[in-house]
Amino acid sequence: MRPARTFAIILIVHLAVIVLWQLLVDAFHVPKFILPSPLATVATLGSTKYAWLSNLAVTAVEILGGFALGALVGVALAVVFCWSPLVSLLLLPLFVTLNMIPKVALGPLFIVWFSYGIFPNILIAFSICFFPILLTTARGLSEVEPDLLDLVKSLRGSRWTLFRKIQLPGALPYVFSGMKVGAILAVAGAIVGEFIASERGLGYLMIQVQSSLDTPAMVMAVVLLTLLGVALYGLVLGLERLFVVRDVRLR
């Protein structure tokens, strides 16, 4: 009953904010081009000129592709760094330095290298979200109880046994913690790419309707982006509940 009650409270709070938004816009007669009401925002979904489904699909592919690539590369590199301290010493400081590069500055370079399309935006989303996954996974793999290490060594366990039985299960809470952060950053990365240069997607649509002050369509695009991010975050939470015991999940 507790999860259901928590979900009900969250839903009620969100609905209350939407109702308050509608009431304030109506009470103060806020112009639509400044802040549209929720009803005016939802009404844009009925217009075919925005091509909501196709633009939503493009952005969803960019977000999911960037996140999946970031999770795969981040976890794989963390395992390599755990198994080889020399590789970690050589490459980890380099990744820290590369992560300091503003991702907006990489956008024009990606366009020059890979032209327009979904792939450059996937790379931008990947470049933003993979580093937190790498750091948290590497930390989780390195935090092994000394007593467990001694036990495995006394039983003549191999490195693979240590990784499979001790390190990986212990690192899962850290992996999913990094993936939660990465899910949020992947949304931002995909939109950064679409803002810089794109021919499709919700970010591209926002740039197109901005010139005509079509604020309801811009707000609707933001709402859909938020829903994509919530869906991805919920997917990560579901996987965490499936693979990680509740008592050891990181808050």
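Given a 1.4 Å probe and heavy atoms of the protein chains only, how would you sort 204, 116, 174, 50, largest accessible area at the top?
Largest accessible area first, the list is 116, 204, 174, 50.
Among 41, 97, the sequence by solvent-accessible area, most first, with a 1.4 Å probe is 97, 41.
Taking only pairs that are 8 or more places apart or on different chains, how many Lys pairs in the chain have Cα atoms under 25 angstrom apart? Don't skip to the answer; put the middle values down first.
Details: 32/49; 103/180; 153/165; 165/180.
Counting lysine pairs in the chain gives 4.
Exactly which GluC sites (Glu not before Pro) in the stretch 187-251 are in a DSSP loop and have at most 10 other Cβ atoms within 10 Å?
Values: sites: 194, 199, 240; in loops: 199.
In loop regions of the stretch 187-251 (DSSP not H, G, I, E or B), the sparsely surrounded GluC sites (Glu not before Pro) are 199.
Residue by residue, the stretch 163-179 carries 3J(HN,Hα) couplings of 5, 6, 8, 10, 5, 5, x, x, 8, 4, x, 6, 4, 6, 5, x, 5 Hz when phi is fed to the Karplus relation 6.51 cos²θ - 1.76 cosθ + 1.60 (θ = phi - 60°); x denotes Gly or Pro. If I ignore ligands, DNA and RNA and count only protein heavy atoms, how much of residue 29 is accessible to a 1.4 Å probe, in Å² to the nearest 10? Ignoring ligands and nucleic acids, residue 29 comes out at about 150 Å². With θ taken as phi - 60° and the Karplus curve 6.51 cos²θ - 1.76 cosθ + 1.60 applied, the whole-hertz 3J(HN,Hα) list for the stretch 236-245 is 5, 4, x, 5, 5, 5, 6, 10, 10, 5 Hz, x standing for glycine and proline. Projecting the Cα atoms of 202, 35, 92 onto the charge dipole of the chain (Cβ charges, centred on the Cα centre) puts 92 farthest toward the positive pole. Here the Karplus curve 6.51 cos²θ - 1.76 cosθ + 1.60, taken at θ = phi - 60°, turns the phi angles of the stretch 120-127 into couplings of x, 5, 5, 5, 5, 4, 4, 5 Hz, with x standing for Gly and Pro. Relative to the dominant Cα principal axis of the chain, helix 52-83 is inclined by about 20°. Both radii are taken from the alpha-carbon atoms of the chain; with Rh as the Kirkwood radius, Rg/Rh is 1.07. Between the stretch 9-74 and the stretch 170-211, the C-alpha centres lie 15 angstrom from each other.
Taking every protein chain into account, the 1.4 Å probe leaves residue 17 with about 90 Å² of accessible area, to the nearest ten. Solvent exposure of residue 176, expressed as accessible area, is near 10 Å², computed with a probe of 1.4 Å over the protein chains only. Accessible area per residue for the chain, computed on protein heavy atoms with a 1.4 Å probe, is 59 Å².
What does a probe at residue 15 reach in the stretch 192-225, counting residues whose amide N is under 14 Å from the point 7 Å along Cα→Cβ? Of the residues in the stretch 192-225, none has backbone N under 14 Å from the label point off residue 15. Taking the 1.4 Å solvent-accessible surface of the chain as the whole, the part contributed by carbon and sulfur is 73%. The modelled label-to-label distance for the pair residue 96/residue 61, using points 7 Å beyond Cα in the direction of Cβ, is 3.8 nm. Largest accessible area first, the listed residues 112, 61 line up as 112, 61 when surface is computed with a 1.4 Å probe on the assembled protein chains.
The values are calculated or read from the model by the stated rules, or taken from the named source; none is laboratory data. All values derive from a computational prediction rather than experimental measurement. With ideal geometry, Cβ positions are generated from the backbone for all residues, glycine too; neighbour counts draw on all protein chains shown. In case anyone asks, the SASA skips ligands and DNA or RNA and just uses the protein heavy atoms, side chains included. Shrake-Rupley method; radii C 1.70, N 1.55, O 1.52, S 1.80 Å.
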